1. Checking the a/c ratio against 1.5 first, then a/b against b/c, what shape does the Cα gyration tensor give for segment 76-116?
2. Residue by residue, what Karplus-based ³J(HN,Hα) values in Hz, rounded to whole numbers, does segment 82-98 have, using 6.51, -1.76 and 1.60 with θ = phi - 60° and x for Gly and Pro?
3. List the relative contact order of the chain as a percent without decimals, with contacts defined as Cα pairs under 8 Å and 6+ residues apart.
4. Under 26 Å from the Cα of Lys78, which lysines turn up, not counting those fewer than eight places away in the same chain?
5. Does a label point 7 Å from the Cα of Asn50, set along Cα-to-beta-carbon, have any residues of segment 82-110 with amide nitrogen under 17 Å, and which are they?
6. How far is the Cα center of segment 56-116 from the Cα center of segment 4-21, in Å?
7. Of all DSSP beta bridges in segment 2-96, what percent run antiparallel (nearest 5)?
8. Can you bin the chain into rounded, prolate or oblate? Criterion: square roots of the alpha carbon gyration tensor eigenvalues sorted a ≥ b ≥ c, rounded for a/c under 1.5, prolate for a/b above b/c, oblate for the rest.
Amino acid sequence: MYIEVVKSKIHRVKVTEANLNYVGSITIDEDLLIASNIIENEKVQIVNVNNGERLETYVIKGEKGSGAICLNGAAARKAEVGDVLIIISYATLDFEEAKSFKPWIVFPDTETNRII
């Protein structure tokens, strides 16, 4: 049996930009991607702490050290600059393997989106 588990989580970052005129996705600072083990084009779930919105999209690598968290395309309608997000990716694992799996969880500074 296989189950879906949390693979990676970036807990509480602030939206720095919302770009409606872009072909969809979320741009995330490369430092956050490295720390959370999320890769470019990976599917992620976005949870908006401010308004309860949830959506799925894919990741675009942002400039390293920029603190960028930018919702692009239609996703830009789901959050405003300054909203706090939780970004989660999942993996499908064998049930027994999942019991010992440890996800990568990052708690950046919410004001700067940089790793503490």
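1. Values: a/c = 5.75, a/b = 1.93, b/c = 2.98.
In terms of gyration-tensor shape, oblate.
2. Residue by residue, segment 82-98 yields x, 5, 9, 10, 10, 10, 10, 10, 10, 9, 9, 10, 4, 3, 5, 4, 5 Hz.
3. Numbers: 296 pairs, mean separation 52.5, N = 116.
Once normalised by length, the contact order is 45 percent.
4. Lys7, Lys9, Lys14, Lys43, Lys61, Lys64
5. Residues 82-87, 110 fall inside that zone.
6. Segment 56-116 and segment 4-21 have Cα centres separated by 3 Å.
7. Details: 24 of 31 bridges.
Here the share of antiparallel DSSP bridges comes out near 75 percent.
8. Values: a/c = 1.89, a/b = 1.55, b/c = 1.22.
Prolate, because a/c is 1.5 or more and a/b exceeds b/c.
No value in this document is a laboratory result; all are computed from the given coordinates. Here the structure is a predicted model, which means the values were calculated and not measured. Note that each Cβ is placed from the backbone with ideal geometry, even for glycine, and that neighbours are counted across all protein chains shown.
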